[in-house]
Amino acid sequence: NNDNGRRSTTTMNKGLFGSWENNSDKHEEAKARNLARTCVRQFLTQRALQSFMFLLAECRDPHTCAWIEGVTQTKNMLQYHGTGAINATRFESWDVLLYEMMQLPEQEIIVSSKRNPGFRRGSKNNPYLKDEYVEFSMNIDPASLTARIISVREQIAREWVDDLGILVQANNLILQSYFDLSRTARDQEKSKSDVDKEFNKQQQGADDDSSSDPLSSRHSETYTRGSDDSSGEEIDTAFSSPSSDKSKVAFVRTSRAYMNDMDSYTPVRSSPFRKGNFDLLLLLLTQESIHRVLRGFQDADERVPFEYLREFYAGRLRTFFDGNQPYGRADDFIEELLLTSPLVKTTEDGKDVGLVDPLYIAKKIIHMRNDVAQDWRKIVRNVPEEHEAIRNAAKTRQIQSTLEREIMTTIQEESKTTEGTVGFE
């Protein structure tokens, strides 16, 4: 498992929860750390690295994947489905990692591969036949890798422009779906109550009649089917009351439907982790929205809802946001909040008491997700322009590496020529 995201998220959110004072230095530091944690540019770099590593693995190149994980100080990136994999303290902005990577010198690694025995003589388990290995060298050019990662990053950014728009459409359907399902549940509960009343009424009448007719009592009991009562299968009487054990659902998961049907509205071939990107983008979008709502409560001096959301969110960081996560965690968080009952909340210092309605808080987060999505669409739409400087730097570094390689080759050839001349004399 990749624990980098788990450690960074937990650490970065402690400060936000610890101080109510909006002008404290600790609050500003915590705010900066949380902004770095939910930075969409940094997350785009993470997903570009993971997608590029997937392509390398498909081309049977696990060695370059291992080299990238060493540079980025991560592990198991291809199996990691989560946000915050890149250490935001070590790499403060989205391009720091890429700039550092391209400046690394070219590296030649020796790979040892077990040779296929083919049709050599001897049985399969012959202990006298030793395994044979073949060695070959691989050249890792960091500047070239960086340029290719930038291309992948740009493709994902183009996809996110569309995906964020779709997320807004799905987000706008949540509250209406919630109210529709709540109305349906109330109607069903009312209908069930009416049925129960009718059942009790008929049951009471049956009990009254049973005093004069002993045979009628069988309708109010559970009996055994079979002529000799030996089958052992119990069934309920005709007056049994309906019941349901279905778990509650707050709203229809429209975003998941969009994600599963992504190929139908995508005109070109998507990047390898398009569905995973869609799911995690919604998760990071939700986390950033929660942070903005918390800061909004502070600015508006709404201390009771602030402390409630802070505690609700902090208690679910590991479950919903940190580390490796299953699909649908963003909707799971919103659903749990919507299904939570209102309560009376007293602040930590005991000065304020108020009624907290989780529906009110959920509405603010849902509306904030639209604002964040629109902000992020502007950012990812501008990615090609942001890449100009780093792409030029990568090209310059590639040219420099080529010149250095040619100079080293020339020096080696001249050295061999000099040694041969000395030997001849």
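Label positions at Arg158 and Ile407, each projected 7 Å from the Cα along the C-beta direction, are separated by 3.8 nm. Remark: for residue pairs Lys31/Lys364; Lys31/Lys351; Lys275/Lys364; Lys75/Lys130; Lys26/Lys351, the C-alpha separation exceeds 30 Å in Lys75/Lys130.
For segment 264-376, a Kirkwood hydrodynamic radius built from all Cα pairs, placed in the Stokes-Einstein relation at 20 °C and 1.002 mPa s, yields a translational diffusion coefficient of 139 µm²/s. Extension gain Glu106-Asn87, at 0.36 nm per residue separation less the Cα-Cα distance, in nm? Extending this stretch completely gives an extra 4.4 nm. The trypsin sites (Lys or Arg not before Pro) of segment 324-412 that DSSP puts in a loop, and whose beta carbon has at most 10 other beta carbons within 10 Å, are Lys351.
For the pair Arg318 and Thr417, how long in nm is the line joining their label points, each one 7 Å along Cα→Cβ? That separation, rounded to one decimal, is 6.7 nm. Going by accessible surface with a 1.4 Å probe and the largest first, Asp371, Asp279 read Asp371, Asp279. Ordered from highest to lowest accessible area with the whole protein assembly present and a 1.4 Å probe, Glu414, Glu100, Glu69, Glu92 read as Glu92, Glu414, Glu100, Glu69.
Once all protein chains are placed together, Glu386 keeps about 40 Å² accessible to a 1.4 angstrom probe.
The values are calculated or read from the model by the stated rules, or taken from the named source; none is laboratory data. Note that this is a predicted model, so its numbers are computed, not measured. Positions of Cβ are backbone-derived with ideal geometry, glycine not excepted, and every protein chain shown enters the neighbour counts. Side chains included, ligands, DNA and RNA excluded: accessible areas come from the protein's heavy atoms. Shrake-Rupley method; radii C 1.70, N 1.55, O 1.52, S 1.80 Å.
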